[in-house]
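The values are calculated or read from the model by the stated rules, or taken from the named source; none is laboratory data. As the structure is a prediction and not an experimental result, all values here were calculated from the model. Neighbour counts run over all protein chains shown; Cβ positions are idealised from the backbone, glycine included.
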């Protein structure tokens, strides 16, 4: 015998559909990007930054997480086969010449550090394919000319404890001849005495 459930009334919950999902400038830009992509890219709108990037050694870099938490890029162009991110597109509000907003600069540095082109498009109600194509070319060229800032795999990785096999945590010697020097200690310390010295 199936249990009868009372239908949930929409007014019982405070959720409402956000309309419109895309603003007028966003929708206009999407239409032009779709025309330009022609099947070469899948265009994903409003993608959260923490779905694209991750924090290496998160226990050491908590403050970096706060920089991109709850932020998104307006459009992400992905390769259709594996949905690999290829190009980010961000709408920016017009500002005085030679000025850069702190948020815009952070986005630029974030994408550049990962070797991913980011196109800054001035907000408007209409866009030209030729102008967009030029902006995309410049963004791609900038990434090619700029050496990626990503750390090597060796630097990015956190050693596993040689004693128990758990993840290690960056610590600092508080006393003794190595006072002030960093080292990796087992996350299960003091139960586990595993240590990996740095340098």
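Summary of values
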| read-out | value |
| --- | --- |
| Restricting the stretch 45-55 to residues that are at pLDDT 95 or above and surrounded by fewer than 16 Cβ atoms within 10 Å (Cβ to Cβ), the residue that is nearest to the chain's Cα centre (by Cα) | 48 |
| Test for residue 38: is it surrounded by 11 or more Cβ atoms within 10 Å (Cβ to Cβ) and without any contact (Cβ under 8 Å) to a residue 12 or more places away in the chain | no |
